[in-house]
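Asker: Structure provided below as structure tokens; questions to follow.
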Amino acid sequence: MEEKLVQRLEAAVARLESLSSGFGSRSVGGEDSEASLDPAIAAYDDLMAQFVGRVSAAAEKIGGQVLDATKILAEAFSVQKELLIKAKQSKKPNLEGLAGFLKPLNEVIMKANALTEGRRSDFYNHLKAAADSLTALAWIAYSGKDCGMSLPIAHVEESWQMAEFYNNKVLVEYKSKDPNHVEWSKAMKELYLPGLRDYVKKFYALGPVWSATGATISAPTSAPSKSSSAAALSKASSSAPAPPPPPPASLFSSEPSGSGSSRPKEGMAAVFQEISSGQSVTSGLRKVTADMKTKNRADRTGVVGAQQKKLAPVHPPFPRPGHQSWSSKWDASGWLRIKLGGKTWLLMIVMQDNPSMFLDAKILFCKSKGK
């Protein structure tokens, strides 16, 4: 609690110093001092002091790669502050100019993503949460409903949802191990929700504010000029060998590849061409007539008839080796007479016919009779 108060006091002192210096240099500085006195920029300083400062304080206690990733995160928020000031001093750029405007922020985000590449670190979840969360700062690229992005508030929420997956892993892993990691995880979430989300909702709900009379943002001029590139190309073509033939077209490509378009297609392209022709693909298939359909078949009435199951003849068990011979005979009263071991066995089988079940054959009783 004391650390938060100290951070807020430091932010207030920094604003007072900027105010005092701004009044003295207003005639010289002009636009820079006006931008620094803007309420939106002052609120952004509070955002960084309160929320980014809390994340940084927790990272200082952890150290290592977590601290490195947190420093890059703080750098990204500082770069966005500079972009907000620059936007208030510039006209709304076109698509090419917007790419140059966002280049400093994009470079910092790429630096954060580089920490997650290569060999997986023990703090991979920390690094991934910090890197993925920085995409929320791209809300500043919103230029209208036709730009293909969500509104700034929705963009911040959606971006944090992607980073929250790894942030929750940190919270679960260190919940009973190290409170510093738990504090870092909670501070990360509050930085974006509600921190950045509420800030954007209050000042930039419809995107960044551009100046109507400011400077024009030009596209980046890192690409070589046409004249120099043409001269270099002609010089290289005189000494370099002929280029290799173009690689074969993709199996799923439907476009002809140069001079080879007259040749018949191969692979999956030939399969798709034959399917799309629709001429002889189904010529060898049999057509299903109406009488072949299940609903029209006469033998599929849907009712299972009760059929009597014939009972297999009962055979007495074979005698074991060494026993006397045996014989069996049915008499007129329905008894099965079995002579075995000097005795006559009478066996009666009762037949029960029930339409709701299979025929059941069971032995009613078995009695022996003297010879």
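The values are calculated or read from the model by the stated rules, or taken from the named source; none is laboratory data. Owing to the predicted nature of the structure, the values given are computational and were not obtained by experimental measurement. Positions of Cβ are generated from backbone atoms using ideal geometry, with glycine treated the same way; all protein chains shown enter the neighbour counts.
Asker: Run down Ser90, Ser121 and say which single residue is closer than 25 Å to Ser211 by Cβ and of a type in the set (Ser, Thr, Tyr). Spell out the reasoning first.
Answerer: Details: Ser121 fails: closer than 25 Å to Ser211 by Cβ.
Exactly one residue qualifies, and that residue is Ser90.
Asker: Moving to a separate point now. Here are some residues: Val170, Val200, Val156. Which one is touching a Lys or Arg at 6+ places or on another chain (Cβ under 6 Å) and in contact (Cβ under 8 Å) with a residue 40 or more places away in the chain?
Answerer: On the way: Val170 fails: touching a Lys or Arg at 6+ places or on another chain (Cβ under 6 Å); Val200 fails: touching a Lys or Arg at 6+ places or on another chain (Cβ under 6 Å).
Going through Val170, Val200, Val156 in turn, the sole match is Val156.
Asker: Given the criterion more than 27 Å from Gly207 (Cβ to Cβ), under 23 Å from the mean Cα position of the chain (by Cα), part of a helix (DSSP H, G or I) and of a type outside the set (Gly, Ala, Ser), identify the matching residue among Asn168, Asn180. Walk me through it before giving the result.
Answerer: Working: Asn180 fails: under 23 Å from the mean Cα position of the chain (by Cα).
Unique residue meeting the criteria: Asn168.
Asker: Follow-up question, since we're still on this one. Hey, can you tell me all the residues within segment 107-143 that are in a helix (DSSP H, G or I) and among the small types (Gly, Ala, Ser)?
Answerer: So the first thing to find is which residues in segment 107-143 are in a helix (DSSP H, G or I), and the list is 107-115, 124-141.
Matches in segment 107-143: Ala112, Ala114, Ala129, Ala130, Ala131, Ser133, Ala136, Ala138, Ala141.
Asker: What are the residue pairs meeting all of these: first residue in segment 106-125, first residue more than 19 Å from Gly63 (Cα to Cα) and assigned by TED's automatic domain parsing to the domain that holds Ile62, second residue of a type in the set (Gly, Ala, Ser) and assigned to a helix (DSSP H, G or I), Cβ atoms under 7 Å, and 6 or more apart or on different chains?
Answerer: Val108/Ala76; Ile109/Ala76
Asker: Further question on the same structure: Please tell me if Gln80 is buried (at least 17 other Cβ atoms within 10 Å of the Cβ), within 26 Å of Lys202 (Cα to Cα), out of contact with any Pro (no Cβ under 8 Å at 6 or more places or on another chain) and in the same structural domain as Phe51 (by TED's automatic domain parsing). Explain how you work it out, then say what you get.
Answerer: On the way: buried (at least 17 other Cβ atoms within 10 Å of the Cβ): yes; within 26 Å of Lys202 (Cα to Cα): yes; out of contact with any Pro (no Cβ under 8 Å at 6 or more places or on another chain): yes; in the same structural domain as Phe51 (by TED's automatic domain parsing): yes.
In short, yes.
Asker: Which members of segment 87-106 meet the condition of being assigned to a helix (DSSP H, G or I) and surrounded by 19 or more Cβ atoms within 10 Å (Cβ to Cβ)?
Answerer: Initial filter on segment 87-106 (assigned to a helix (DSSP H, G or I)): 87-88, 95-101, 103-106.
Those that are assigned to a helix (DSSP H, G or I) and surrounded by 19 or more Cβ atoms within 10 Å (Cβ to Cβ): Ala87, Phe101, Leu105.
Asker: Has segment 59-75 got any residue that is hydrophobic (A, V, I, L, M, F, W, C) and either modelled with pLDDT under 90 or not in a helix (DSSP H, G or I) (or both)?
Answerer: Looking only at segment 59-75, we keep the residues that are hydrophobic (A, V, I, L, M, F, W, C), and these are 59, 62, 66-67, 69, 72-74.
Applying the additional criterion that residues be either modelled with pLDDT under 90 or not in a helix (DSSP H, G or I) (or both) yields none.
Checked against the condition, which is being hydrophobic (A, V, I, L, M, F, W, C) and either modelled with pLDDT under 90 or not in a helix (DSSP H, G or I) (or both), segment 59-75 yields no hits at all.
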